[in-house]
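Since the structure comes first, as structure tokens, the remarks are kept for the end.
The values are calculated or read from the model by the stated rules, or taken from the named source; none is laboratory data. No experiment lies behind these values; they were computed from the predicted model shown. Positions of Cβ are backbone-derived with ideal geometry, glycine not excepted, and every protein chain shown enters the neighbour counts. Side chains are part of the model used for accessible areas, which takes the heavy atoms of the whole protein and leaves out ligands, DNA and RNA. Shrake-Rupley method; radii C 1.70, N 1.55, O 1.52, S 1.80 Å.
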Amino acid sequence: AAIKLQLQTLNSRDLPVDKQKQLYARALVDSNRLEKLVENLLLVNKIESGRLPLTKTSLNVSVLLDRLIKQGYPQMLESGRVRAELDVDLMVNADDMAMESIILNLIDNALKYGGETEVTVRLRSLDKSNLELSVSDFGNGIPHTEREKVFERFYRRGNEEVRQTKGTGIGLYLVKLLVNSHHGSIFIEDNTPKGT
């Protein structure tokens, strides 16, 4: 609806160039959001129906994470809004596309729902066979009663602050499916002094 309105406005009015550029930029952002939603829904459908062949290989998750952060969030990295604390050369037997989806969804959620707070991405080795990836923010956090619900399909928290943020409630559901398919676990904890 937003894309349609923006294009109709561009088509029906003689607007100044700066206003045209603004509407084109908004339409592109909304189009990218819609594309990501469709990709996530298709991916969820494939996982649920058992039609997603995961090609697990030895993957340097440290290198993958570093690349995704530098390519996807360069301005936020430079400004300090996103911080990365990554142990080097940590290997995991995983599907690279699935790992990429997990990482990007977690970071995007922290940026979207953590307010304007700093988001820290950490990757560390717990022992010889277990790695821990954490994404933390200093936002309002998630009430204990809703922590399992956020991993349900299409669930969005009920407060007005969350509803004003664009989202579909599919990202964390997808993350949980992909983590489970890699025999991992995902959970939510309080951050200190606040946040998730």
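Classify segment 19-115 as rounded, prolate or oblate from the Cα gyration tensor: take a ≥ b ≥ c as the square roots of its eigenvalues, call it rounded if a/c is under 1.5, otherwise prolate when a/b beats b/c and oblate if not. It is oblate, given that a/c is not under 1.5 and a/b is not larger than b/c. Using C-alpha pairs below 8 Å separated by at least 6 residues, the relative contact order for the chain is 18 percent. In order along segment 125-131, phi translates into HN-Hα couplings of 8, 8, 6, 4, 10, 10, 10 Hz, rounded to whole numbers, per the Karplus curve 6.51 cos²θ - 1.76 cosθ + 1.60 with θ = phi - 60° and x for Gly and Pro.
Rounded to the nearest 500, the helix-only mean residue ellipticity at 222 nm of the chain stands at -15500 deg cm²/dmol, with each DSSP H run of n ≥ 4 adding -39,500 (n - 2.57). Here the dipole of the chain is about 640 debye; that uses its Cα centre as origin and unit charges on the Cβ of Lys and Arg (positive) and Asp and Glu (negative). Of the two radii for segment 86-196, the radius of gyration is 0.96 times the Kirkwood radius, both from the alpha carbons; that is the Rg over Rh value.
Distance between the pseudo-spin-label points of Glu189 and Ala25 (7 Å out from Cα toward the beta carbon): 3.9 nm. Put a plus charge on the Cβ of each Lys and Arg, a minus charge on the Cβ of each Asp and Glu, and nothing anywhere else: the dipole of segment 1-116 about its Cα centre is then about 520 debye. In the distance distribution for segment 65-121, Cα-Cα pairs more than 16 Å apart total 44 percent. Annotation for segment 17-91: trypsin sites (Lys or Arg not before Pro) lying in DSSP loop with at most 10 further Cβ atoms inside 10 Å of their Cβ are Arg51. Within the chain, the percentage of alpha carbon pairs spaced more than 20 angstrom apart rounds to 62%. Modelled label positions at Leu54 and Asp96, each set 7 Å beyond Cα in the direction of Cβ, lie 1.7 nm from each other. Since only Leu42, Ser79, Thr57 are under comparison, the one whose Cα sits farthest along the positive direction of the charge dipole of segment 23-90, derived from C-beta charges on Lys, Arg, Asp and Glu, is Leu42.
In the complete set of protein chains, residue-level accessible area for Ser31 is approximately 50 Å², probe 1.4 angstrom.
When only alpha carbons are used to place a centre, segment 89-137 and segment 63-81 end up 12 Å from one another. Under the membrane-span-like helix rule (DSSP H runs whose alpha carbons stretch at least 20 Å along the helix axis, mean Kyte-Doolittle hydropathy -1.0 or higher), the chain yields 17-48, 96-113. Solvent-accessible surface of segment 64-196, averaged per residue with a 1.4 angstrom probe and all protein chains in place: 57 square angstrom. Here the accessible area of segment 49-135 is 50 percent carbon and sulfur, with a 1.4 angstrom probe and all protein chains present. Near Val119, the amide H atoms lying under 5 Å from its own belong to Val82, Arg83; only residues 5 or more places off or on other chains count, and H is placed 1.01 Å from N. Exposed loop sites here mean chymotrypsin sites (Phe, Trp or Tyr not before Pro) with a DSSP loop assignment and at most 13 other beta-carbon atoms within 10 Å; the chain contains its longest site-free run at 1-153.
Label-to-label distance, Glu116 versus Ser12, with points set 7 angstrom from Cα along the beta-carbon direction: 3.4 nm.
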